[in-house]
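Beneath this line is the structure, given in C-alpha cells, with notes to follow.
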Amino acid sequence: MTKYNDKDRLTNLVPSDDIATILLGNRYHIPTLEQCEELIEYTTSELDKDKEYKTSMFILTSKINGKKLGFLGSGRYVNNDRHIYDYDNACLWSSTIGKKGDNFASYISFNVSMDRYAICCVSEVNRYVGYPVRAVYN
C-alpha cells in the first residue's frame with residue numbers, strides 16, 4: 001500500500017480517499033473511530049424488530065438532546081461475491097485504519113442480543129468485508 005502505512009503514519013482517511021467526501025462534497029465524511037465511540041458513549045440504544053419483514057432497526061437516542069438516529073440491519077459482502085443477509089446486525093465502516101495491519105479497518109457494529117437488546121461496539125476487520133458507509137455532515 002502506498003498510503004496508510006508505517007511510513008506516512010496516517011490513521012484516518014484523507015478527504016481525497018473518503019468516498020463520502022468525494023460523492024457528497026467537503027461538508028461530508030465517513031466518521032472516524034473516535035466519532036463512533038462518542039456516538040455510543042452519548043446515546044442509549046434500543047431495538048425495533050419487524051418480524052414480518054425480518055428486519056431490525058437499531059435506534060440510538062441522544063443522552064443530551066433526545067434526538068434519534070436509526071441504523072437498519074443490513075447484509076454485507078464477503079470475498080467480493082457472496083452476499084450475507086444478516087438483518088440482526090448492522091455494521092458501518094469508520095474512516096480509521098485498523099491497528100491489526102494494513103488490511104484492517106475499523107467499524108461500528110449494532111447487534112441483537114437475546115432477540116431484544118441492541119448492543120453497540122467498535123471493532124476492526126479485514127477490508128474485504130463489504131460493510132456500508134454512512135456519511136456524517138460537518
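Laboratory data are not the source of any read-out in this text; all were calculated from the coordinates shown. Bear in mind the structure is a predicted one, so any value in this text is a computation, not a measurement. With ideal geometry, Cβ positions are generated from the backbone for all residues, glycine too; neighbour counts draw on all protein chains shown.
Tabulated values for the structure
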quantity	calculated
Whole-number D in µm²/s for the chain (Stokes-Einstein; Kirkwood sum over Cα pairs; 37 °C, 0.692 mPa s)	206 µm²/s
Exposure rule at most 11 other beta-carbon atoms within 10 Å, DSSP loop chymotrypsin sites (Phe, Trp or Tyr not before Pro): the chain longest free segment	1-52
R0 of 25 Å, Cβ-Cβ distance Arg134-Asn5: FRET efficiency to nearest 0.05	0.40
Candidates Lys68, Lys99, Lys51, ranked by Gaussian network fluctuation over the chain, Cα under 10 Å, top entry	Lys51
Alpha-carbon centroids, the stretch 1-40 and the stretch 51-73: separation in whole Å	24 Å
Two-site FRET efficiency, Lys63 against Ile19, from Cβ-Cβ distance with R₀ of 30 Å, rounded to 0.05	0.50
